[in-house]
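Report on the following structure.
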């Protein structure tokens, strides 16, 4: 790799890590920490990260230990921010050679500038921010699911309960099943927002293209994806939450808004769908506790679960039969791959609602650790991965420019379905996953 290219990689890693180390919660990583330089191996397999810490030698040693403990998290987060062919393993090294008064002033200035550029808020900070805003527009992601729709509807209901003017952007990809939860909040033509909020969207590239005019003016992003790319002026990312809906639930509690049945219904849709009816590995005790409180408020959970997880149209049944009949089970039964073409969708006259949740089918055969679902969308191959603890789906998809969660992630490839399958198989072999 050329020196210019390697220098750019080192600079990108340094800039990304300079932001990300501020999100590390280890108490040993505090105060003014600077990434002095990054030295990446020519094969991108590893990178030495030299840090400088304001304090004595013990402070530096403790900080190195804290960052070493967080190296896996930082590597995954870097993979979500950058588009490197390989994301190197990170080794942190203390560097005291440039600790001087001038450097310390530079650190303070850089931290100040970063804080001005991006503000990281907790739930309480989000609540305080929303109290001061009005004329709010809420954005959802393309190919909307129950979490982004339920979160948007719930946040809109919360703000309206506070007497504010708030609408949800009319995403043209809202399906018939999801539209009824958000229909009463859709923005009228000509509405000009004073504040733009995005929910459950890890990257501005994931907004519906019709909302592109707002992509660079998002005032607040509320999200739970560890691969979140910091595009908004203010950011609230709670990666421990199984769904964005759980974060909105907490915001409602902090704001003291009454949990009406309508609000609770939207929150339950968000939480139940993103946990796969509480079957996915991202489900936490908090997911159950919050769902229980919503049910206690009168949510018709049986109706919602039947609608999203049990009832199927004839077109959906036909698609499932075709996919399971042509499933490619490989790597000794550890990997299953299903592919869906536009032609198949047209043949059975499937709607977008019929396509929802098809990615889970690839994990249904017993013994499968990695399920891969590939379908045509806008002339490209959209890939969805579902995995067990043996595979980090987010890291796998980050290699192809995507992201998501450890056990569920996705990416898009500008190739045919067969080519996408070949690339995925090749990557599995390269990583020696099975």
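The values are calculated or read from the model by the stated rules, or taken from the named source; none is laboratory data. The shown structure was predicted, so the numbers you read here are calculated from the model rather than taken from an experiment. Glycine also receives a Cβ, built like all others from the backbone with ideal geometry; neighbour counts cover every protein chain displayed.
Look at region 18-29: where a residue is at pLDDT below 80 and a partner is in a helix (DSSP H, G or I), sitting 6+ places away or on another chain with Cβ atoms under 7 Å, you get 26/66; 26/69. Can we say residue 25 is closer than 11 Å to residue 94 by Cα and surrounded by fewer than 18 Cβ atoms within 10 Å (Cβ to Cβ)? It is false that residue 25 is closer than 11 Å to residue 94 by Cα and surrounded by fewer than 18 Cβ atoms within 10 Å (Cβ to Cβ). Taking residue 168, is it free of Cβ contacts under 8 Å to residues at least 40 places away in the same chain and under 23 Å from residue 242 (Cβ atoms)? Spelling it out, residue 168 is indeed free of Cβ contacts under 8 Å to residues at least 40 places away in the same chain and under 23 Å from residue 242 (Cβ atoms).
Of the strands (runs of 3 or more DSSP E) lying entirely inside region 345-434, not one contains at least 3 residues that are out of contact with any helix residue (DSSP H, G or I) (no Cβ under 7 Å at 6 or more places or on another chain), in contact (Cβ under 8 Å) with a residue 24 or more places away in the chain and within 21 Å of residue 201 (Cα to Cα).
Residues being without any contact (Cβ under 8 Å) to a residue 24 or more places away in the chain and within 28 Å of the chain's Cα centre (by Cα) are entirely absent from region 323-341. Residue 343 meets each of the listed conditions (1) surrounded by fewer than 20 Cβ atoms within 10 Å (Cβ to Cβ); (2) closer than 30 Å to residue 229 by Cβ; (3) modelled with pLDDT under 95 apart from (2).
Against the conditions (1) at pLDDT 95 or above; (2) touching a helix residue (DSSP H, G or I) at 6+ places or on another chain (Cβ under 8 Å); (3) within 30 Å of residue 370 (Cβ to Cβ), residue 257 satisfies every one except (3).
Residues in region 250-282 that are under 18 Å from residue 126 (Cβ atoms), assigned to a loop (DSSP other than H, G, I, E, B) and in contact (Cβ under 8 Å) with a residue 24 or more places away in the chain: 2 in all. The condition (being in a loop (DSSP other than H, G, I, E, B), buried (at least 18 other Cβ atoms within 10 Å of the Cβ) and touching a residue at least 12 places away in the same chain (Cβ under 8 Å)) is satisfied by just one residue among 226, 235, 222: 226.
Any residue that is touching a strand residue (DSSP E or B) at 6+ places or on another chain (Cβ under 6 Å), buried (at least 20 other Cβ atoms within 10 Å of the Cβ), part of a helix (DSSP H, G or I) and at pLDDT 95 or above - is there at least one of those in region 162-178? Checking region 162-178: not a single residue is touching a strand residue (DSSP E or B) at 6+ places or on another chain (Cβ under 6 Å), buried (at least 20 other Cβ atoms within 10 Å of the Cβ), part of a helix (DSSP H, G or I) and at pLDDT 95 or above. Residue-level check: of (1) touching a helix residue (DSSP H, G or I) at 6+ places or on another chain (Cβ under 7 Å); (2) part of a loop (DSSP other than H, G, I, E, B); (3) closer than 25 Å to residue 225 by Cβ, residue 25 misses just (1).
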